[in-house]
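First up is the structure itself, then whatever we jot down about it.
The values are calculated or read from the model by the stated rules, or taken from the named source; none is laboratory data. Small disclaimer: the values here were computed from a predicted structure and weren't measured. Here the Cβ positions follow ideal geometry from the backbone for every residue, glycine too, while neighbour counts run over all protein chains shown.
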Amino acid sequence: MAEAETAIHVCDAAVTLAFSVLGKRWNGMIVSSLGGGPATFVALRRAVSGISDAMLSDRLAELAQAGLVDRTVDAGPPVTVSYALTDSGERLLPILSELGQWAAANLEVPAH
């Protein structure tokens, strides 16, 4: 394989990996919400309008497994669980912002 083809293949694989996480509904909104700082499950549910408890729980587990979100349990009393972005998650914020700007400038909102 030529060097340029190898670079394209590596890039395609990395983009595919990124969208396997970020392309799932709600994940970008959760990461963006955590950009304001750590939050509890209830605060995230309020911030991400329309998400169910089960879906939020699943998405937080996926984001944690991907290394973008940390889950912290404070033994209390009362016991509290909070979620925060990892360094990798923090580095994603400017990319999400740029993606949002691109979408606003280049994509049409579907008519209802």
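Being farther than 20 Å from L99 by Cβ and touching a residue at least 12 places away in the same chain (Cβ under 8 Å) is the filter; apply it to region 22-52 and report the residue that is surrounded by the most Cβ atoms within 10 Å (Cβ to Cβ). This residue is L44. Against the numbered list (1) in contact (Cβ under 8 Å) with a residue 60 or more places away in the chain; (2) loosely packed, with under 12 Cβ neighbours inside 10 Å, A105 comes up short only at (1).
L56: modelled with pLDDT of 95 or more and in contact with a strand residue (DSSP E or B) (Cβ under 7 Å, 6 or more places away or on another chain), yes or no?
Values: modelled with pLDDT of 95 or more: yes; in contact with a strand residue (DSSP E or B) (Cβ under 7 Å, 6 or more places away or on another chain): no.
It is false that L56 is modelled with pLDDT of 95 or more and in contact with a strand residue (DSSP E or B) (Cβ under 7 Å, 6 or more places away or on another chain).
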